[in-house]
Amino acid sequence: MNYRILLTAASLVLAPWAQAANHREAPITALDHKADITDVYAFRSYDPADATPKVTLILGVDPLLEPANGPNWFPFDSDIVYELKVDNDNDALEDLGLEVRFSTQQTLPNLFQAYAGVPGGANAPANSPAPVAPGTPIVPDRITQATDAGLGQKQTYTLTLVRYSKGVLKSRSVLGTHLATVPANVGPRTMDYTALFNAGVHSLAGNVKAFAGTTDDAFWIDLGGAFDTLNTHSFPVLSAGQDAAQDNLSSDTVSGYAVNSIAIEVPVTMLTRSGQVEAANSTAATIGVWGTTSRPRVTVRRSPLPAADSGGYRQVQRMGNPLINELVIGTGFKDRFSMDVPKHDSQFANFFLDPSLARVVNALTAGVVAIPPAPRTDLLPVVTYAPPIAAAGTPAGPIADLLRLNTGVAPTAPGAASRLGLLGGDGAGFPNGRRVFDDVTDIALRLVVGGVLHAPFPGYSADIGGRLGDGVNSNDAPYRTVFPYLADAPSGRDRRHIDPGEAGCTAGSGAACAP
């Protein structure tokens, strides 16, 4: 047997799985984690108290943050330009962007850690040695707001609306400036993280909201099992009962980790090319969304002086769908994919038309999981504007990795939503956009490997191809049902990483994880 061929093919599936959604899926981002985009979300906002049709866009960066990892924790990088981009005329070129840039200030330069506080503060005691007199303030009061003294590392950001014409910069409009960023959740003695989180939701002109800060990682997956040559505890086929379970059958490897999140909510009318709320059957209703991170071409580190940047900005990474670079693009092409633009994605078309992931799973299951024949045109709705996401008659545009969202599809109330999104009969979920609670791992497996959009094909069974999954069906922390919809970052003092075989597989409740 040619093991080199087998191992090469396996690497195409294992490396993507091992990076959990978009967590360090390319060599370049494994070396530059601050610029690493973990996830992109785009969905119709479902806050029941807000009747205005809106879209929430979320960009997650800097993966697998250990909440207890002081003393500096996880600031955004002031050298990086973070941007969420939107194509609204089907040409895979940005028509508008929401650009975020951060500034960082150290206000406690002599303290050994970035954040400090205790309820009521703490002063030097009676036996305090000179020159610090008794009664001198030593530890600030517990941090409850962005202006408190104990918040020694303060970050603010500027949000700018960028207009483009065929991908070329046309205009820039500042939507908000000096907006406070939410820090890492150090622990309950030091800070009231929830109060800081709530204060970090900024309402801006034009019915826009913005949030930036360290939050729970909204993604979930049995990452350890996947990396052990697809030795997940429930893969590849779930039973009907397992598929319907709210509790996890396997441990969520991402549980207890944080991520840096940028969330922006805007009216639908800001995003469509018509400036109107289009009906779902309108050819102007569907937009394409992706996120980018970019750095200056040259950076000179001059510590203790600030870094000196020169040259224009160059893209480090981009992401649209949660399955393209990680599950489809070959490892040797991932860096090129990350730094290129969606308009040029036809160069990667061979990966879309005959994905190695499907062939590897087909081989590892000895054919139990049947796959569609190549060329895989069933995947075109994910990489072009086509039904069942876009309305019939919508110009397909070029092959491009854009997260496509039909803005005319009304949001589904969380209580009625399906984790399987469009595949679960819930038209407001992935791959029609992506909500924080969409189980993109299972959906991606069923799309790419199960070929559910191609069914029926020879050997296809809905009980096999339609039930592929890793056994992790929900997040370890409850999501909010209002903007920014994300869960609190785990506490550095009290964080919990759920392990295989332990009791309380799902956020401290439910059955034990599969060993």
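Side notes on the structure shown:
- Residues whose amide H comes within less than 5 Å of that of residue 254, counting only those at least five positions distant or on another chain, are 221, 223 (H built at 1.01 Å from N in the peptide plane).
- Euclidean distance of C-alpha centroids, the range 207-265 and the range 120-157, integer Å: 38
- In plain terms, the chain from residue 416 to residue 283 could stretch by 45.2 nm, reckoned as 0.36 nm per residue minus the Cα-Cα distance.
- 5 angstrom amide H check on residue 176, placed H, neighbours 5+ away: 159
- Inter-part distance where the range 99-119 and the range 394-425 are each reduced to a Cα centre, Å: 39
- Helix-only CD estimate at 222 nm, as mean residue ellipticity for the chain, using -39500 (n - 2.57) per DSSP H run (n ≥ 4): -3000 deg cm²/dmol
- Surface accessible to a 1.4 Å probe, per residue, for the residues of the range 330-443, Å²: 34
- Apportionment of accessible area to carbon and sulfur, the range 235-321, percent (1.4 Å): 52
- Solvent-accessible area assigned to carbon and sulfur over the range 360-515 amounts to 60 percent, based on a 1.4 Å probe.
- In order along the range 487-492, the Karplus-derived 3J(HN,Hα) couplings, from 6.51 cos²θ - 1.76 cosθ + 1.60 at θ = phi - 60°, round to 8, 4, 5, x, 6, x Hz, and Gly and Pro are given as x.
- Apportionment of accessible area to carbon and sulfur, the range 34-107, percent (1.4 Å): 47
- The chain: angle of helix 3-18 to the longest principal axis, Cα-based, in degrees nearest 10: 50
The values are calculated or read from the model by the stated rules, or taken from the named source; none is laboratory data. What you see is a predicted model; the values in this text were computed from it and never measured. Ligands, DNA and RNA are excluded from the accessible area calculation, which covers all protein heavy atoms including side chains. Shrake-Rupley method; radii C 1.70, N 1.55, O 1.52, S 1.80 Å.
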